[in-house]
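As structure tokens, the structure follows; a few thoughts come after it.
The values are calculated or read from the model by the stated rules, or taken from the named source; none is laboratory data. In this text, all values refer to a predicted model and were calculated from it rather than measured experimentally. FYI the Cβ positions are ideal-geometry reconstructions off the backbone, even for glycines, and counts take in every protein chain you see. For accessibility, only protein heavy atoms count, side chains too; no ligands or nucleic acids. Shrake-Rupley method; radii C 1.70, N 1.55, O 1.52, S 1.80 Å.
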Amino acid sequence: MQKWRATCRLLLNSYSSKSRFDHPPSNPISDHSTTISRSSSGFESWTSRIHYRHFATAMIQRNPSFSTLNSDDINHFKGILGDKNVIEDEDTLLFANTDWMRKYKGSSKLLLQPRTTQEVSEVLKYCNSRRLAVVPQGGNTGLVGGSVPVFDEVIINVGSMKQVISFDKVSGVLVCEAGCILENLVSFLDNQGFIMPLDLGAKGSCQIGGNVSTNAGGLRLVRYGSLHGTVLGIEAVLANGDVLDMLGTLRKDNTGYDLKHLFIGSEGSLGIVTKVSILTPPKLSSVNLAFLACKDYSSCQKLLFEAKRRLGEILSAFEFLDNESLNLALNHLEGVRNPLPPAMHNFYVLIETTGSDESYDKEKLEAFLLRSMEDGLISDGVIAQDINQASSFWRIREGVPEALMKAGAVYKYDLSLPVETMYNLVEEMRTILGNSAKVIGYGHLGDGNLHLNISTPQYDDAILAQIEPFVYEWTSKQRGSISAEHGLGLMKANKIFYSKSHETVQLMASIKKLMDPNGILNPYKVLPYSIVSYI
């Protein structure tokens, strides 16, 4: 009876004319003079109620070679940027000093808002000459403390640099400034008949410069790959103010070292990205989204294997979450409903397909789902009937981080692991922590990215000691990565050896010292304190 009910649902409820990405952006470009606002992600409406903890910098000492900001410095910056773009307001600085999770908090006394690459260049040239440490900042939606000061670093916020420079409909190449909000680029491209190859839950606040600088992954990586493949060129400003113009728009260019890749994922530690050229795919007319239930993790794995084999070129997303994740969303997110009432299942999967032939794509997806039910891989399921239902499905998956924040304190881990062993870590953490914490697992199953989260009423050093270093050691034994898409930031800078060899990290440090000899760019982040010594 259950299988018949699910089969009827899957056949009757489908949509294909629009995708969830057709929504207009919640914040038009004209509404964003800076990146400080996070209203589109609901930040202000609920962060006042969450538990937060400033992770002390006891392990780190402020670099004594860095200068301290003085009035002459402030006047010099006003001469470059104008008075209104040199911010000393305490409330604004409090917001800019605090990360999205309210886990890390700096003590910067100055926020700069350059409007052009030239202004960024002049600011960095001066900061380098004075040895004033700086933190590049975009939407400040990071989760590892990479976009906020550790001490009193000057914040350079590129949110005022938000122009779309050009778009070529023939090649699909978009050239824009680093401060463009991702959701606004999605809207711009939608009007042109194209889509961004990148999609994130934080798209209403995050900016393309930050996305590139952290090599953000997101929901579409299984279809379009990482930013290392879709970013064709960048413009970046080095610590000494030199501007590197690598803003190419060519698919092929084998003239020497491809230096743009040094800046993709370096988290602003080698230079500040000011412009980006990115290859965007055409928007296809047929989009389908299925919300499915599975009895166990093994079924999720087998479903992924079959989806890749049978859906092939139309598969555009494959996400999973466990029942603890769904429960959190149902209990803490307003308006969220269980798509498969009344039963609760052990695991849930979202499968999205994108193609150009509505009839063919729908038939292909339905045939795949019916076969999967017959094989016992799916316990129940529903295909979205329209864009509103599709958005409600995605709201569950994308809303889990927000639900976790509302639930209390949260320890977050972003890991790349072999798909077959990925969920074992969740189960082992539950055994270790018992009733002292709620352990949940969700993420991008299609590309082997687990988001492990441990939720507790409040932060507790005893619980943290049970989590770390166990999580990192377990990941290392699997030859996984301790950072799949969030970056290293401050949180994981000293943990890099779990994923990279000493020789590899030493070479990274050599590159850092070559490109930023005074170490002013985003200090204390990305590379471990033990191996980086500043002149």
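Listed values, structure above:
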item	result
Chain lengthening between residue 252 and residue 477 when straightened (0.36 nm per residue, less Cα-Cα)	77.3 nm
Sequence-separation-based contact order of region 71-157, relative, with Cα cut under 8 Å and 6+ spacing, percent	34 percent
Region 71-157: C-alpha gyration tensor shape, a/c 1.5 cut-off, then a/b vs b/c	prolate
Whole-number percent relative contact order across region 164-279, with pairs defined as alpha carbons under 8 Å at least 6 apart	31 percent
Computed accessible area, residue 395, all protein chains, 1.4 angstrom probe, square angstrom	80 Å²
Relative contact order (%) - the chain, alpha-carbon pairs under 8 angstrom, separation at least six	18 percent
Counted charge near residue 86, where neighbours are those whose Cβ lies closer than 14 Å (Asp, Glu -1; Lys, Arg +1)	-3
Residue-wise HN-Hα coupling along region 387-393, computed from phi with Karplus coefficients 6.51, -1.76, 1.60 (Hz; x: Gly, Pro)	5, 5, 5, 4, 4, 5, 5
Distant-in-sequence amide H partners of residue 274 (H built 1.01 Å from N, under 5 Å)	235, 236, 237
19 Å Cα-Cα reach of residue 500 towards aspartates and glutamates, excluding residues that sit fewer than 8 places from it in its own chain	267, 414, 468, 473, 485
Distance violations [Cα-Cα > 30 Å] among 302/477; 252/362; 308/438; 105/295; 105/513	252/362; 308/438; 105/295
Local electrostatic count at residue 476 - Lys and Arg +1, Asp and Glu -1, tallied over other residues with Cβ under 13 Å	+3
Pairwise FRET efficiency - residue 84 versus residue 506, Cβ, R0 = 35 Å, nearest 0.05	0.20
Length gained when the stretch residue 346-residue 243 is fully extended (0.36 nm per residue, less Cα-Cα span)	31.9 nm
Residue-by-residue Karplus 3J(HN,Hα) for region 426-431, coefficients 6.51, -1.76, 1.60, Hz, glycine and proline x	4, 5, 5, 5, 5, 5
Centre separation in Å (Cα based) which lies between region 301-379 and region 171-217	26 Å
Alpha-carbon gyration tensor eigenvalues x 5, square-rooted, for region 58-212, Å	30, 19, 12
Net dipole in debye of the chain [+1 Lys, Arg Cβ; -1 Asp, Glu Cβ; about Cα centre; nearest 20]	460 debye
Linear extension gain, residue 432 paired with residue 385, 0.36 nm per residue minus alpha-carbon span	12.7 nm
Cβ-defined net charge surrounding residue 499, 10 Å radius [Lys, Arg +1; Asp, Glu -1]	+4
